[in-house]
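Here the structure comes first, spelled out in structure tokens, and everything after it is commentary.
The values are calculated or read from the model by the stated rules, or taken from the named source; none is laboratory data. Computed from a predicted model, the values in this text were never measured in an experiment. Because the Cβ atoms are built from the backbone with ideal geometry, glycine has one as well, and the counts that use them run over all protein chains shown.
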Amino acid sequence: MAALEGFGLDEFELPDELEATAPPEERGRSGRDDVRLLLGARGPEGELTVGHHAFRELPQLLRPGDVLVVNVSATLPAAVDGRVAGTDAPVVVHFSTRRSRHRWVVELRTPDGHGSTRERGQADGAATVRLAGGASLRLLAGVGPRLWAAEFAVPDPLAYLAAHGRPIRYAYTDADRPIAAYQTVFARPPAEVRGGSAEMPSAARPFTAELVTRLVSRGVQIVPITLHTGVASLESHEPPYAEWFEVPEPTVRAVRAARRAGSRVVAVGTTAVRALESAADADGVLRATSGWTELVITPQRGVRVVDGLLTGLHEPRASHLLMLESISGRPLLDLSYAEALRERYLWHEFGDLHLILSR
């Protein structure tokens, strides 16, 4: 199909009507897997193709022997209401990343969901935020343009969030929803994987048990990694902050076997790409690894492990677009996003999906 004339990722703006404000099952669709799938692929002679599919067609778009790598991190109810001590100003605290037993990286948001209080100068100089349930958060130092290092000294932070938190959401969504709306079929209990994610690894949201069964029956292997995502950078589009990840030995063996056999390794979500690429050396040799990653994947750095990516559609100027370009190349990414706009695909965590196959 012809792309929009003169289209380029550097110039595009996202129309409000293409923001998915609710999950597909609330928009009159038949289920969470009833979304569209845009396929952008590079053919055997280097030709670029874009195709339009239903997400339920995913098994037919993959080959027996391909490996799907999924993030098993569960979504935490990481948004908690609070008030800034001294001013009594209401805020919503987004618990982004747990750095140690009582140290977190957090963001303070305005209650209307439209921005970070730190960017607006509303919380600078504050030392304490009083939280729901009688807890408090002591702000220690700024981290980047929006976030804070903070001390959160409660006996069991995950139990506190379960009792007093709700899923993080942004102003483009139309209502708060239960945590089940933000869990994927692959999510494991936080106790099994050393915590959870501030925001849903949303590329896996449309998967259902039935679709997983069809993929396995097709001969597609599904293997896990863990990466606990921090908060997104909707306002500033800064690169992701340090995140904890683990690539286990069985996943390493499956990826190595696929590469020896000439099969493809397809990451489900940018988090899976970040984990895999963080566990690979300069020659692309993957090893079982866990720890903190600050890796930012750009076209200059490139990718060494993955051959494809299943992801959502990303906002203009988002840093994740650099990762997508690393996998697809810029011409295919331009073509795909032009088609997504032309065909009215929906953006964000409740929206449509984009499958990039670089070979």
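I need the full set of residues from the stretch 131-172 which are of a type in the set (D, E, K, R), outside any loop (DSSP other than H, G, I, E, B) and touching an Asp or Glu at 6+ places or on another chain (Cβ under 9 Å), in order please.
We begin by selecting, within the stretch 131-172, every residue of a type in the set (D, E, K, R); these are 138, 146, 151, 156, 166, 169.
Now drop any that are not outside any loop (DSSP other than H, G, I, E, B), which leaves 138, 151, 166.
Correct list: R138, R166.
Which pairs have Cβ atoms under 7 Å, sit 6 or more apart or on different chains, and link a residue in the stretch 156-171 that is within 30 Å of L18 (Cβ to Cβ) to one that is of a type in the set (F, W, Y)?
P167/Y182
Taking T293 as the residue in question, decide whether it is in contact (Cβ under 8 Å) with a residue 12 or more places away in the chain and in contact with a His (Cβ under 6 Å, 6 or more places away or on another chain).
Working: in contact (Cβ under 8 Å) with a residue 12 or more places away in the chain: yes; in contact with a His (Cβ under 6 Å, 6 or more places away or on another chain): no.
Here the answer is no, as T293 does not meet what is asked.
Here's a check for you: in the stretch 27-84, which residue that is of a type in the set (S, T, N, Q), at pLDDT 95 or above and outside any strand (DSSP E or B) is nearest to the chain's Cα centre (by Cα)?
Taking the candidates together, the pick is S73.
Which count do you get for residues in the stretch 231-258 that are at pLDDT 95 or above and farther than 16 Å from T289 by Cβ?
2
What about R188, is it basic (K, R), assigned to a helix (DSSP H, G or I) and surrounded by fewer than 18 Cβ atoms within 10 Å (Cβ to Cβ)?
On the way: basic (K, R): yes; assigned to a helix (DSSP H, G or I): no; surrounded by fewer than 18 Cβ atoms within 10 Å (Cβ to Cβ): yes.
Here the answer is no, as R188 does not meet what is asked.
Name the strands (runs of 3 or more DSSP E) wholly within the stretch 232-299 that hold at least 3 residues that are more than 26 Å from L39 (Cα to Cα) and of a type outside the set (G, A, S)? First the steps, then the outcome.
Values: elements: 243-247, 265-268, 289-293.
It comes to 243-247, 289-293.
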